[in-house]
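The values are calculated or read from the model by the stated rules, or taken from the named source; none is laboratory data. Keep in mind it's a predicted model, so treat the numbers as computed, not measured. Quick reminder, even Gly has a Cβ in these numbers, built from the backbone with ideal geometry, and neighbours come from all protein chains shown. Protein only, heavy atoms only, side chains kept; ligands, DNA and RNA dropped before computing areas. Shrake-Rupley method; radii C 1.70, N 1.55, O 1.52, S 1.80 Å.
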Amino acid sequence: LDRRWFSNAGPVVKEFEQRIQQLLGVRHCIAMCNGTVALEIAIRALGLKDEVIVPSYTFIATAHALQWQGITPVFADIDPATHNLDPRAVEARITPRTTGIIGVHLWGRPCATGALQAIADRHGLALMYDASHAFGCTHGGQRIGRFGRAEVFSFHATKFLHTFEGGAVTTNDDELAARIRLMKNFGFAGYDNVVHVGANGKMPEICAAMGLTGLESMDDFMAVNRRNHALYREGLAAVPELQLIRYAETETGNYQYVVVEVQPSCPLSRDDLIRVLHAENVLARKYFWPGCHNMEPYRTLYPDAGRHLPATALVADRVIVLPTGTAMQEDDIRTLTRLLAFAVAQGAGLKPLLAGGAA
């Protein structure tokens, strides 16, 4: 406000980009107005067209960023152990029309980057990542943000590092970065000099200021998330019917997501447990259900996609995401895990109540 500079590559946005470059160890960070626009511009800057392979088990924006630009998202299955793209499934879905692969570091756990890069190199495909969940996380000791040709982050208000609303593309490719910078500002290369087709993807100064504030507290937020995850792990240790997904202790993780897989041995279904939790005012979600391929327009355009996605269907029907973050106190988590343990123990008796819509 004091500078009276609110947008258009102001000093706060530049500082935010530089801070992220230093933190992630990348040559370029291009801040954007949101993660979806960042995806769309990165896709266009890479020259992707025709068909691009993506997971169906992801937020719908990953698929929409392609479909919006007339590119066909070809859904490949995930590894049920990691919830990320299965490289073998990716290779099986490649056709002469395939131009690229978009991996998603789901829950902040890294994709099989080496295997995916080998496939991309072998077939001459562009490889990029939707890293919306993975800011601050590492893979092989390196910060996520430097894999593939480019990685895209979301800084939406739901993310542990947020800018109210925002996103960014990171890359070590100088030419690609220059093209993305043109494209996010209508193609302007100086005053009254448009040299490329572009859009308005700029991040405002106020959003970058929020991002800088968040970077100052990032380690504190990570510590709270890690504490919460440990409390959930402790509280659910004696409930084998509910398996909490783990994060590699050898890597840095942001622990933003507390994800439980309901096992076949559980007397209650995932949806039964969601009803129990909602009846007790617990905001739990069945994330990414039922998969992008079962949402419009994809279920109409590609009605046979599901036959290639057995692991996606399995995981989508099992996952519950539990509340975490600084608003959750230790006693809240202990109460919640006791509630889950009680529901599982009383499963057979609760079934008739749940069937009647009560809990």
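Before moving on, here are some points about what is shown:
- Of all DSSP beta bridges in the chain, antiparallel share, percent nearest 5: 60
- With all protein chains kept in place, the per residue accessible area of the chain amounts to 45 square angstrom at a probe of 1.4 angstrom.
- Accessible surface for residue 314 stands near 80 Å², nearest 10, in the context of the full protein assembly shown (1.4 Å probe).
- Relative contact order, percent, the range 121-233 [alpha-carbon distance under 8 Å, six or more residues apart]: 17
- In this view, the solvent-accessible surface of residue 308, computed with a 1.4 Å probe and all protein chains in place, comes to about 70 Å².
- Computed from Cα atoms, the angle from the helix 174-183 axis to the main principal axis of the chain rounds to 90 degrees.
- Separation of the range 66-90 and the range 219-259, taken as the distance between their Cα centroids, equals 26 angstrom.
- Gaussian network model of the chain, Cα within-10 Å springs - most flexible of 240, 87, 73: 240
- For the range 65-169, the share of accessible area belonging to carbon and sulfur comes to 53 percent (1.4 Å probe, ligands and nucleic acids excluded).
- Relative contact order %, the chain, counting alpha carbon pairs below 8 Å whose residues are six or more apart: 19
- Where N is the number of residues in the range 231-347, Cα Rg divided by 2.2 N^0.38 Å: 1.17
- Alpha carbon Rg of the range 63-219, scaled by the compact-globule rule 2.2 N^0.38 Å: 1.12
- When each of the peptides 75-84, 276-285 is scored by the mean number of other C-beta atoms lying within 10 Å of its residues, the order from highest to lowest reads 75-84, 276-285.
- Beta bridges per DSSP with both ends in the range 120-197, % antiparallel, nearest 5: 70
- Residue 350 - accessible surface, heavy atoms, 1.4 Å probe, Å² rounded to 10: 30
- When all protein chains stay in place and ligands, DNA and RNA are ignored, the 1.4 Å accessible-area order of 328, 32, largest first, is 328, 32.
- Cα coordinate range in the range 1-88, projected on the principal axes (Å, largest first): 52, 30, 21
- Over 23 Å (Cα to Cα) - which of 49/159; 159/286; 159/202; 49/184 fall in this group: 49/159
- Accessible surface ranking that places the most exposed of 7, 265 first, with a 1.4 angstrom probe: 265, 7
- Separation of the range 180-217 from the range 107-164 is 21 Å, based on Cα centroids.
- On the basis of the beta-carbon distance and an R0 of 22 Å, residue 15 and residue 164 show a calculated FRET efficiency of 0.85.
- Peptides 50-56, 294-300, 12-18 ranked from most to least packed by the mean count of surrounding Cβ atoms within 10 Å: 50-56, 12-18, 294-300.
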